[in-house]
1. Residue by residue through segment 125-138, note down the ones that are free of Cβ contacts under 8 Å to residues at least 40 places away in the same chain and open to solvent by less than 50 Å² (accessible area, probe 1.4 Å).
2. Name the one entry in 37, 29, 69 that is touching a residue at least 40 places away in the same chain (Cβ under 8 Å), outside any helix (DSSP H, G or I), open to solvent by less than 50 Å² (accessible area, probe 1.4 Å) and not aromatic (Phe, Trp, Tyr).
3. Could you say which residue among 105, 89, 80 is open to solvent by 70 Å² or more (accessible area, probe 1.4 Å), of a type outside the set (Lys, Arg) and modelled with pLDDT of 95 or more?
4. Checking the condition open to solvent by 10 Å² or more (accessible area, probe 1.4 Å) and either over 18 Å from the mean Cα position of the chain (by Cα) or within 20 Å of residue 79 (Cα to Cα) (or both), which residue from 122, 181 passes?
5. Please tell me if residue 164 is at pLDDT below 95, crowded, with 18+ Cβ neighbours inside 10 Å and either within 20 Å of residue 25 (Cβ to Cβ) or small (Gly, Ala, Ser) (or both).
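The values are calculated or read from the model by the stated rules, or taken from the named source; none is laboratory data. Given the structure is predicted, the values throughout are model-derived calculations rather than measurements. Cβ coordinates were reconstructed from backbone atoms using ideal geometry, including for glycine residues, and neighbour counts include every protein chain displayed. We work out accessible area using only protein heavy atoms, side chains counted, and drop any ligands, DNA or RNA first. Shrake-Rupley method; radii C 1.70, N 1.55, O 1.52, S 1.80 Å.
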Amino acid sequence: MMNQFANAETADAAYKSLYKLGGAAALIVAGLTLGEVMGLTFYPQPSTVSDWFMLFQSNRIIGLLDFWVLEIPMYAMFALVFLALYVVLRKTNESRMAIALTFALLGIGIFLATNNPFAMLSLSNQHAAATTDAQRSTFLAAGQAVLANTNQRAIGGFNVGLCLVSVAGLIVSSVMFQSNSFSRLTAYVGILAYALSLVDYLRQALTTSALVALLVILPNALFLMIWFILVGRRMYQLGRLHRKELPQQS
């Protein structure tokens, strides 16, 4: 990088608190992503509703982790990250940033409305307490409905929320190329990370190979973590610096 800290576009000091919040949120997302990858690596997800119920009964914490519980705070943090990015980059390309923010918020809303690990935990407890086969069958059917509604990739569905957030990330990363507020490295990593997220949908349509899935999902998670770390660090810098002190990212 050449002269990383000189001659940047000015930041609005009124948004310094938002920049800091957005930076902290981005770093939290990076940490949660790492935790989720580690959890799913060491504790693979069950494949049937009965197996999910057994997992919840044997270890509730692992059951919740496998059922994407970390993505609830993660998606909540997305809102702060993309809102802060909109404020920083709106002067570069306001129309594209407005589209990106809209897609991100829609994706966040869809995900939070369809992902409920605590509903599955409750059904598991009721299934364990059931005294008749008819009751157990009812709870199994309800559990299958929760799985279908959750629509997560690893369960076999299409994660619409993640798709919209990925499109938003691609748009934001493309705008970063036109702005002095973020480095070109951050833009390149973002393009690669969110492109891999979208490639994963194509992978689902073409193959069910676990090896191919790992070759897409693991690099995707790695680049996403790097992107959020870069964004978090930069947003924190923007929150600390006065408008005349704002450095350039090259």
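1. Of segment 125-138, the ones free of Cβ contacts under 8 Å to residues at least 40 places away in the same chain are 126, 129-138.
Scanning segment 125-138 gives a single hit, 130.
2. Working: 37 fails: outside any helix (DSSP H, G or I); 29 fails: outside any helix (DSSP H, G or I).
Criteria check complete, one pass: 69.
3. Details: 89 fails: open to solvent by 70 Å² or more (accessible area, probe 1.4 Å); 80 fails: open to solvent by 70 Å² or more (accessible area, probe 1.4 Å).
Only one candidate qualifies: 105.
4. Numbers: 181 fails: open to solvent by 10 Å² or more (accessible area, probe 1.4 Å).
Sole residue among the options that is open to solvent by 10 Å² or more (accessible area, probe 1.4 Å) and either over 18 Å from the mean Cα position of the chain (by Cα) or within 20 Å of residue 79 (Cα to Cα) (or both): 122.
5. Numbers: at pLDDT below 95: yes; crowded, with 18+ Cβ neighbours inside 10 Å: yes; either within 20 Å of residue 25 (Cβ to Cβ) or small (Gly, Ala, Ser) (or both): yes.
Here the answer is yes, as residue 164 does meet what is asked.
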